[in-house]
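Heads up, the thing below is written out as structure tokens.
The values are calculated or read from the model by the stated rules, or taken from the named source; none is laboratory data. Everything quoted here is computed from the prediction, not taken from an experiment. Every residue, glycine as well, gets a Cβ built from its backbone with ideal geometry; the counts of neighbours run over all protein chains shown.
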Amino acid sequence: MTEDPQTAIDEVAGDRDRRVYEHSAGDEQEGIPFVGAGPGDPRLLTVAGRELLADADLVVHAGSLVNSELLEEYCADAETVSSIGKDLEELIPLMRDAYEDGREVVRLHSGDPAIYGAALEQMDALEHEGVPTYVVPGVTSAFAASATLRTQLTLNEVANHVAFTRPQGKTLDPEEDHISEFVEMGDVTTCVYLGTHAVEDTMDRLLDDGHDPETPVAVVYHASWPDEDVIEGTIGTIAEKVEEAGYRASALVLIGDAVGGDGYERSYLYGDWANRGSDGDDAASGEADD
Ligand SMILES: C[S@@+](CC[C@H](N)C(=O)[O-])C[C@H]1O[C@@H](n2cnc3c(N)ncnc32)[C@H](O)[C@@H]1O
């Protein structure tokens, strides 16, 4: 690969790909699938993902974020290569050459490729090289964490919104860190990815910004893995607990009242709206909670 990968990204600007209208998510398509592996437990991989892995000759995966059990169970016969430590200049020719040699190639991302996956830049670079690509979604770790906590990220009268976010650091400047603003809104469940190492800094900033130290926070380490761990506390207490546990990576930090799964009120869906006819209201049009 001799060209700067940014060329491929700049090239797609403004063009809407016809495949957007020709295919649905879940369709098997021509090219290299970018598959979401889910949060860890091999059983949380989609059926579509499992079928593609079973046929794969080469699987390029997200290293330690993908459970090795999943690779052993679903693609034992494929060559597996970790993408950790490889730049686009190495990854793209690796996948392109294998594809052009007629091998079945799968790019396996942790969780869902759409969340902090940097999948699109690989897809655009491959497309630029003449290799078609598409996405097979997966279960993002926030959903696994929510299931572990036996709650909902949106909860009637508690949380009406969800934010998927990350803290400031090498990638995000302080003015791009909106965690405090999400918490300020009150009815948002804030799901912090890529922030395990920064729980103390994040909580200190929230305290400095005047947020209630009693606001619930849960940290779910390795959601759905055999060594999954749940640490519960508040903005005021969670940092010390995480420090004690020694986790520096691979955890999801959830902030907000929905974390506890209590204090909510029954929804309209199984109340007043349940027996309404098809009169075009939210329930009948499929826009109510489910
Ligand atoms: C590069 S991001 C990838 C996220 C992934 N695409 C997803 O949808 O979950 C990695 C971050 O996701 C979170 N993460 C990934 N897998 C996790 C799991 N099983 N349990 C908790 N957090 C996880 C952690 O915050 C980790 O730092």
Qualifying residue in segment 77-99 (condition: among the basic types (Lys, Arg) and free of Cβ contacts under 8 Å to residues at least 12 places away in the same chain): yes
Lone unmet requirement of (1) in a loop (DSSP other than H, G, I, E, B); (2) more than 14 Å from GLU30 (Cα to Cα); (3) more than 7 Å from the ligand (Cβ to nearest atom) for GLY130: (2)
Condition broken by GLY210, with the remaining ones in (1) surrounded by fewer than 18 Cβ atoms within 10 Å (Cβ to Cβ); (2) within 12 Å of the ligand (Cβ to nearest atom) satisfied: (2)
Residue in segment 174-185 that is surrounded by fewer than 22 Cβ atoms within 10 Å (Cβ to Cβ), touching a Pro at 6+ places or on another chain (Cβ under 9 Å) and under 21 Å from GLU244 (Cα atoms) present: no
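Looking at VAL59, VAL81, VAL66, VAL35 in this structure, which one is under 21 Å from GLN122 (Cα atoms) and modelled with pLDDT under 95?
The unique qualifying residue is VAL66.
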Near pairs, Cβ below 8 angstrom, 6+ apart or cross-chain, from segment 144-155 (under 13 Å from ASP229 (Cα atoms) and among the β-branched types (Val, Ile, Thr)) to any residue that is modelled with pLDDT of 95 or more and surrounded by fewer than 23 Cβ atoms within 10 Å (Cβ to Cβ): THR148/SER224; THR148/GLU228; THR148/VAL230
GLN29, sole failed condition from (1) out of contact with any strand residue (DSSP E or B) (no Cβ under 8 Å at 6 or more places or on another chain); (2) touching a residue at least 24 places away in the same chain (Cβ under 8 Å); (3) among the polar types (S, T, N, Q); (4) surrounded by 12 or more Cβ atoms within 10 Å (Cβ to Cβ): (1)
Filter result for the condition that a residue is more than 19 Å from the chain's Cα centre (by Cα), crowded, with 19+ Cβ neighbours inside 10 Å and not hydrophobic (A, V, I, L, M, F, W, C), over TYR21, TYR74: TYR74
Condition check for LEU194: closer than 29 Å to ALA114 by Cβ and either within 16 Å of the ligand (Cβ to nearest atom) or part of a strand (DSSP E or B) (or both): yes
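Residue-by-condition table, conditions (1) buried (at least 18 other Cβ atoms within 10 Å of the Cβ); (2) closer than 16 Å to THR46 by Cβ; (3) within 11 Å of the ligand (Cβ to nearest atom):
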| position | (1), (2), (3) |
| --- | --- |
| ILE92 | yes, no, no |
| ARG96 | yes, no, no |
| ALA114 | no, yes, yes |
| GLN122 | yes, no, no |
| ALA125 | yes, no, no |
| GLY138 | yes, yes, yes |
| ALA145 | yes, no, yes |
| ARG150 | no, no, no |
Residue list for segment 24-47, filter: over 13 Å from HIS109 (Cβ atoms), within 16 Å of the ligand (Cβ to nearest atom) and more than 15 Å from the chain's Cα centre (by Cα): ALA25, PRO42, ARG43
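Do we have ALA62 as without any contact (Cβ under 8 Å) to a residue 60 or more places away in the chain, among the hydrophobic types (A, V, I, L, M, F, W, C) and under 15 Å from LEU108 (Cα atoms) here?
Details: without any contact (Cβ under 8 Å) to a residue 60 or more places away in the chain: yes; among the hydrophobic types (A, V, I, L, M, F, W, C): yes; under 15 Å from LEU108 (Cα atoms): yes.
So ALA62 fits the description; yes.
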Subset tally (residues that are without any contact (Cβ under 8 Å) to a residue 24 or more places away in the chain and among the charged types (D, E, K, R)) for segment 32-51: 2
Tally, over segment 233-290, of residues that are surrounded by 13 or more Cβ atoms within 10 Å (Cβ to Cβ), modelled with pLDDT under 95 and out of contact with any strand residue (DSSP E or B) (no Cβ under 6 Å at 6 or more places or on another chain): 12
Among residues of segment 147-162, those that are more than 9 Å from VAL259 (Cβ to Cβ) and hydroxyl-bearing (Ser, Thr, Tyr), counted: 2
